[in-house]
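Since every read-out is calculated from the coordinates, none of them should be taken as a lab result. Computed from a prediction, not measured in an experiment: that's the story for all the values here. Don't worry about glycine lacking a Cβ; one is built from the backbone with ideal geometry, like all the others, and counts go over all protein chains shown.
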Amino acid sequence: MLITIILVLQAVLLSFKYYTQQHRSDNEIALLRVADSVMDATTETNHFLHDTHFKIDPNTAPVDAFVKVGFPSYIAHRIVRYREKGGKFYRLSDICKIYGVDTSLVYRLKNHWVFPQREYDDKRNAGILEKIELNTADTAILETLPGIGKVLAARIIKYRDLLGGFYAVHQLQEVYGLSTETYQRIVTRLWVDTTQVRPLVIATATFKDIARHPYLGYHLAKKIEAYRKQKVRISLERLIQDTVVTSSQAELLRRYCVF
């Protein structure tokens, strides 16, 4: 009797195992497919790692070339978009700056990347590297500068937006966290198109717009608001005369404010 019960239980277990194998859920099947694709990508990457003749130039390779060596499609497109905006790759660390990139994969392929290092060095030594216009550059372009990463690039653009644009390259020294050493390294690579500066019309600007400007601030905005409520004509000369601003402050405001 006991043997019969054991045999029945074994039969039930075998039937259950067969059933679960034949009736996996859609989620289970999807996960298995993802796992298979990851394994395929890893296998293909390993193939390239052992091919000493395989080379890839990140400055010219198409999207599918990056995918073939193991990068997700969205990362491959991000790399190409970075290039389309003027970005260049001169070393492994430049590729690693791309947001979300698998740095371990970048370094596993280190013997297969091809960089235009000689061309870059020749241009650097000759002092003819292409200059970057500070008022139109996006974060991707700014990050091509030595010493400028994602955080500093974002701070530069945020400060530029608060100002309404840069009127001179030296204003970069006002950006929080940008060291004198880094500034000296990049200053010769930059220029400013002053036609891109957006003026702040004091007569129509909101209190918030005036207060958030780095050269005006909350306290000066309050005084300007008081003038406007009294319907007093505001001018730089009036602000200097009433000791609301100094002459040096007025010179800065002259570049941004329309009274």
Inset, instruction - Obtain the nm distance between the two label points defined at residue 198 and residue 131 by a simple spin-label model: each point lies 7 Å from its Cα along the Cα-to-C-beta direction. - result: 2.5
Legend entry - Other-chain or far-sequence residues with amide H under 5 Å of residue 257's (modelled H): 200
Inset, instruction - Give the cross-link partners of residue 222 among the lysines, using a straight C-alpha distance below 16 Å as the criterion and excluding same-chain residues fewer than 8 apart. - result: 208, 231
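How large is the translational diffusion coefficient of the stretch 200-258 in µm² per second when you combine the Kirkwood radius over alpha carbon pairs with Stokes-Einstein at 4 °C and 1.567 mPa s?
The Stokes-Einstein estimate is 115 µm²/s.
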Inset, instruction - Rounded to the nearest Å, what's the spacing between the alpha carbon centres of the stretch 51-87 and the stretch 184-243? Just the number, please. - result: 45
Legend entry - Net lengthening on full extension, residue 103/residue 51 (0.36 nm per residue, minus Cα-Cα): 16.7 nm
Legend entry - Karplus 3J(HN,Hα) series, Hz, for the stretch 157-166 with 6.51 cos²θ - 1.76 cosθ + 1.60 (x for Gly, Pro): 5, 5, 5, 4, 5, 5, 5, x, x, 8
Inset, instruction - Return the long-range amide H neighbours of residue 132 (sequence gap of 5 or more, or a different chain), with a cut-off of under 5 Å between placed amide H atoms. - result: 190, 191
Legend entry - the stretch 126-196, Rg to Rh (Cα coordinates; Rh as Kirkwood inverse mean 1/r): 0.92
